[in-house]
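The values are calculated or read from the model by the stated rules, or taken from the named source; none is laboratory data. Keep in mind it's a predicted model, so treat the numbers as computed, not measured. For neighbour counting, all protein chains shown are included, and Cβ atoms are generated from backbone atoms with ideal geometry for every residue, glycine included.
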Amino acid sequence: MIIGIDIGGTNVRALIVEPEGALVVDRRRASSSGNGPALVATIVGLVDQLVTANHDFDRLNGIGLGVAGLAGRSGTLRWSPNLPEVVEFPLGPELEEKTGLSVTMTNDASAAAWAEHQLGAGRDVDDFAMVTLGTGIGAGFVMGGRLLWGAEGYAGEVGHMLVARDGPFHHTGQQGPWEHFASGTALGRLGREAAAAGHFSVGLAMAESVDDIDGHHVGRAIAAGDPEAEGILEEFCREVALGLSNLVVVLDPSRVVLGGGLSGIGEPLRAGVERWLGEVLPGSVHRPAVEVRLAELGDDAGAIGAALLAAEATAHD
């Protein structure tokens, strides 16, 4: 059995997975706040909870970590806007020392992509891109049936891909990255801008003020069938598709899988992105249509994928 752990900017999700059947046996969750040693202590606590609840320590073969940011093969988190206090901390080696288990680390979106390839929306294709739309944007790529790692294991940081050289500055200090225009944070900004202009009355009624409107309010209004929210989503889907078109011309996937918190918007998001991708993709009328699907594994995808990758690594040791 393998413990899979997904470390985001807000929470840590830990699962015990039976890799042979990819069965999630148990799960735990905690805050990811604090520096490197504090995060290791949090993870060790979650591992202890899972082991105590399931009495399976002797069957544990390792730990898989999916971490938001430049989470390379060395086990050290080299950079992460969402986990600044953990940057340059040897998370993998420290966790190995504390638990006595081998640790395999990768980017959280890459781990989610592998899980979707094995068990979810990418299981019947060999070439696809998974893009996670949440507070930021991440991605993982499966090419030729294999996860694309890159030289250091950093492949997939597409949220920081520049799409507007003279665009607004992002909190990373970059000017005009895709994440500024097409993340959950961006959807909230579009909602606030629409409300300030008098074009999102439902969102304003949900929130205490224009400044309190976020992507969740837009999503709820879309689910209620609000036409103003649908207009906001249309603009947002175009921004998502513009970034995806760059990925498609470089990697030529047959499918794009949309995950992350915003995938909960469901079919309106999927259909809008697929429609706009056909509009903005260069040469789209001369190539097979790139299918857009919603991820199937939900919030567990990153942790399941991390566990599956760790299982493969331990099998080859």
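Could you pull out every one of the helices (runs of 4 or more DSSP H) wholly within region 201-299 that has 1 or more residues that are out of contact with any strand residue (DSSP E or B) (no Cβ under 8 Å at 6 or more places or on another chain), touching a residue at least 12 places away in the same chain (Cβ under 8 Å) and closer than 22 Å to VAL163 by Cα? It would help to see each step written out before you state the result.
Working: elements: 201-206, 215-223, 227-251, 267-280.
Because the criterion is at least 1 residues that are out of contact with any strand residue (DSSP E or B) (no Cβ under 8 Å at 6 or more places or on another chain), touching a residue at least 12 places away in the same chain (Cβ under 8 Å) and closer than 22 Å to VAL163 by Cα, the helices (runs of 4 or more DSSP H) in region 201-299 that meet it are 215-223, 227-251, 267-280.
The numbered conditions (1) surrounded by fewer than 16 Cβ atoms within 10 Å (Cβ to Cβ); (2) among the small types (Gly, Ala, Ser); (3) not in a loop (DSSP other than H, G, I, E, B) are all true for GLY167 except (3).
Given the criterion surrounded by fewer than 24 Cβ atoms within 10 Å (Cβ to Cβ), part of a helix (DSSP H, G or I) and either at pLDDT below 95 or not basic (Lys, Arg) (or both), identify the matching residue among LEU187, LEU95. Spell out how you get there, then give the answer.
Numbers: LEU187 fails: surrounded by fewer than 24 Cβ atoms within 10 Å (Cβ to Cβ).
After applying the criteria, what remains is LEU95.
Quick check, is PRO37 outside the structural domain of GLY134 (by TED's automatic domain parsing) and either within 26 Å of GLY173 (Cα to Cα) or touching a helix residue (DSSP H, G or I) at 6+ places or on another chain (Cβ under 7 Å) (or both)? Against the criterion (outside the structural domain of GLY134 (by TED's automatic domain parsing) and either within 26 Å of GLY173 (Cα to Cα) or touching a helix residue (DSSP H, G or I) at 6+ places or on another chain (Cβ under 7 Å) (or both)), PRO37 does not qualify.
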